[in-house]
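Enquirer: I'd like to ask some things about the structure below.
The values are calculated or read from the model by the stated rules, or taken from the named source; none is laboratory data. Computed from a predicted model, the values in this text were never measured in an experiment. Here the Cβ is made from the backbone with ideal geometry for all residues, glycine too, and neighbour counts use every protein chain on show. Keep in mind that these areas ignore ligands, DNA and RNA; they rest on the heavy atoms of the full protein, side chains included. Shrake-Rupley method; radii C 1.70, N 1.55, O 1.52, S 1.80 Å.
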Amino acid sequence: MDLTKNRKKLMELYQPGTEEFTLVDVPELPFAMIDGEGSPDHDAVADAVKSLFTAIYPIRREARERMGKAFVEPPVEVLYWADDMRDLAAGKKGNWKWRALITLPVWADEEMFSNAVAQTKGQMDEVPNTLRMETFSEGQCAQIMHVGQAQDIPALSERLYKQILPQNNLEPAGAYHEIYLDDWSRTSPERRKMILRQPVRPKH
Amino acid sequence: MTDAELLLLGLIAEMPRHGYELEQMIEQRGMREWTQIGFSSIYFVLGKLEKALFVAAETPAGSKAKKAFSITPAGRKALVAQATEALSCFRPAYSSALLGMVHWPVLSREAALAALEDRADTVSREIGRLERVRFERQPLPDFIEALFDFSAGQLEAEKTWVAKTLDYMKTKP
């Protein structure tokens, strides 16, 4: 879906309310991505994010030129999961897996992506072997906007997994997703906005 | 308020920062590309901002490098006023090209043309350098991309002017 042509959906996906979890249907979108394993400490994810932004620079540049005022800065998104999902809930970060993502314009294709990587790989210390472009759709998700410190997140997760999902007869159906709307080097911790998103499905 | 004061006040407004962090930010963001602020002057400027009650040191007294500075309500008000003024007021920057051109008759035709050719090379190199810096700094927020667009636009305008002037001066009988 071309979100730049559907501002309503764009807002729905990227500007949820801060009060309560809401359900949204996340359409198919193209992403540039890099996978990681083990503790997603800030440096590990930051390196992946830097590589992603380096790799997609030619596409981002073309997007700014082609789209003009319709261009929207894509945020950094990270999926978190574990082979045993209980490790995720228990915060056993050593067993976590993660995937750093940045949305691409709908007109970006595999060829454009590989050209971009070919052009920029000289600037990456090492081209991550999981660097790729993929299109996926998360489908139905529960999400909320969180403003503030990361330490407040466990309380929100608890509310989602222990109250809201069971009350609505839903269960998690995919990796837990965080979308970071601010540049952390420019925004103080208490003002940082992030979206917490969890794909869900009806519980049988 | 000086440019350096406005710059530091803006960085402190983002979040409380230590003196050495400010230096890091200025370096990382390449702020010395377009403004003059020496390493030694950071503490001097911080002192001025503190005295004006625009920033306050958060932690107990110690060396200035260890103090975290945060913005005060008065500081935020001054920042907004100064940033508005900086954005709205046109402040002309005079290029050395003007000073050179005014003395065109002093130079021999060859020397003048060669000097302009040199300028064309320098401008082209600068366009390339700016492009590399922009790439290395990715990702940049849109308002910083706009800042790069501004500088790139100025350079492109200069490149066009040099080419046009060279073309004319070379053809002139």
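Enquirer: About the Cα centre of the protein assembly as shown, how large is the charge dipole given +1 on each Lys and Arg Cβ and -1 on each Asp and Glu Cβ? Please answer in debye to the nearest 20.
Expert: 940 debye
Enquirer: Further question on the same structure: Taking 2.2 N^0.38 Å as the expected size of a compact globular protein, what ratio does the Cα radius of gyration of region A:1-158 give against it, to two decimals?
Expert: Working it through for region A:1-158, the quotient is 1.10.
Enquirer: Here's something else I'd like to know. Compute a Gaussian network model of chain A, connecting alpha carbons closer than 10 Å, and tell me which residue from A:Thr103, A:Thr54, A:Thr135 fluctuates the most.
Expert: A:Thr135
Enquirer: Using Stokes-Einstein with the Kirkwood hydrodynamic radius over Cα pairs, what translational diffusion coefficient do you get for region B:71-134 at 4 °C and a viscosity of 1.567 mPa s, in µm²/s rounded to a whole number?
Expert: 83 µm²/s
Enquirer: Suppose every Lys and Arg Cβ carries +1 and every Asp and Glu Cβ carries -1, with no other charges. What dipole size does region B:3-88 come out with about its Cα centre, to the nearest 20 debye?
Expert: Using Cβ point charges on Lys, Arg, Asp and Glu, region B:3-88 gives about 260 debye.
Enquirer: Students often forget the sequence filter, so: which lysines lie under 22 Å Cα-Cα from B:Lys51 once same-chain residues fewer than 8 apart are removed?
Expert: B:Lys64, B:Lys66, B:Lys67, B:Lys77
Enquirer: Let me have the relative contact order for chain A, percent, based on Cα pairs under 8 Å that are six or more residues apart.
Expert: It comes to 30 percent, rounded to a whole number.
Enquirer: Using the Cα centre of region A:69-157 as origin and beta-carbon charges of +1 (Lys, Arg) and -1 (Asp, Glu), tell me which of A:Leu156, A:Gln140, A:Trp98 is placed farthest towards the positive end of the dipole.
Expert: A:Leu156
Enquirer: Ok, one more. Eight or more residues apart or on different chains, and alpha-carbon atoms under 27 Å: count the Lys pairs in region A:29-136 matching that.
Expert: Lysine pairs, 8 or more places apart or on different chains, close enough: 6.
Enquirer: Here's another thing I want to ask about it. In a Debye calculation with equal point scatterers on the alpha-carbon sites of region B:24-110 and no solvent, what is log10 I(q)/I(0) at q = 0.22, 0.23, 0.26 Å⁻¹?
Expert: Normalising to I(0) and taking log10 leaves -1.24, -1.28, -1.34.
Enquirer: Using a 1.4 Å probe, how large is the accessible area of A:Tyr161, given in Å² and rounded to the nearest 10?
Expert: 80 Å²
Enquirer: Relative to the Cα centre, what is the charge dipole magnitude of chain B, using +1 at the beta carbon of each Lys and Arg, -1 at the beta carbon of each Asp and Glu, and rounding to the nearest 20 debye?
Expert: The calculated dipole for chain B is roughly 340 debye.
Enquirer: Something else: Summing +1 for each Lys or Arg and -1 for each Asp or Glu, what net charge is found among the other residues whose Cβ lies under 14 Å from the Cβ of A:Glu126?
Expert: Around A:Glu126, the charge tally is 0.
Enquirer: For B:Glu117, what accessible area in Å² do you get when you roll a 1.4 Å probe over the heavy atoms of the protein chains, rounding to the nearest 10?
Expert: Number for this one is 70 Å².
Enquirer: Oh, and also: Using only the alpha carbons of the protein assembly as shown, what is the convex hull's orientation-averaged projected area in square nanometres?
Expert: Value for the protein assembly as shown: 25.0 nm².
Enquirer: Next question, about the same structure. What number, rounded to the nearest 500 deg cm²/dmol, is the helix-based mean residue ellipticity at 222 nm of chain B, given -39500 (n - 2.57) per DSSP H run of at least four residues and division by all its residues?
Expert: Roughly -22000 deg cm²/dmol at 222 nm, from the helical runs in chain B.
Enquirer: What does the buried accessible surface come to for B and A, summed over both chains, with the probe at 1.4 Å? Round to 100 Å².
Expert: 1700 Å²
Enquirer: What are the lysines whose alpha-carbon lies under 30 Å from the alpha-carbon of B:Lys172, with same-chain residues fewer than 8 places away excluded?
Expert: The reachable lysines, counting only those whose Cα sits under 30 Å from B:Lys172, are B:Lys159, B:Lys164.
Enquirer: Applying a 10 Å radius around every beta-carbon, put B:31-38, A:56-63 in order of their mean neighbour count, most first.
Expert: Descending mean neighbour count gives A:56-63, B:31-38.
Enquirer: Measuring with a 1.4 Å probe in the full set of protein chains, what accessible area per residue, in whole Å², belongs to region B:78-123?
Expert: With all protein chains present, region B:78-123 gives 75 Å² per residue.
Enquirer: Let me ask another. Given the rule -39500 (n - 2.57) for each run of at least 4 DSSP H residues, summed and divided by the residues of chain A, what is its mean residue ellipticity at 222 nm, to the nearest 500 deg cm²/dmol?
Expert: Computed ellipticity for chain A at 222 nm equals -7500 deg cm²/dmol.
Enquirer: Oh, and also: If you average 1/r over every pair of different alpha-carbon atoms in chain B and take one over that average, what Kirkwood value in Å do you get?
Expert: Result for chain B, one decimal place: 19.0 Å.
Enquirer: For region B:96-171, what log10 I(q)/I(0) values come out of the Debye formula at q = 0.14 1/Å, with one point per alpha carbon and no solvent?
Expert: After summing over all Cα pairs, the log10 values are -0.54.
Enquirer: Please give every one of the lysines within straight-line cross-link reach of A:Lys203, meaning a C-alpha to C-alpha distance under 21 Å, and leave out same-chain neighbours fewer than 8 residues apart.
Expert: In chain and number order, the partners are A:Lys162.
Enquirer: Take the solvent-accessible surface of the protein heavy atoms, probe 1.4 Å, and return the percent of it on region A:29-136 that carbon and sulfur atoms account for.
Expert: Accessible surface attributable to carbon and sulfur in region A:29-136 totals 47 percent.
Enquirer: In whole percent, how big is the carbon plus sulfur part of the accessible area of region B:96-171, probe 1.4 Å, protein atoms only?
Expert: 63 percent
Enquirer: Additional query: Take the alpha carbon gyration tensor of region B:1-45, find the square roots of its eigenvalues, order them as a ≥ b ≥ c, and report rounded if a/c is under 1.5; if not, report prolate when a/b exceeds b/c, else oblate.
Expert: Since a/c stays below 1.5, the shape of region B:1-45 is classed as rounded.
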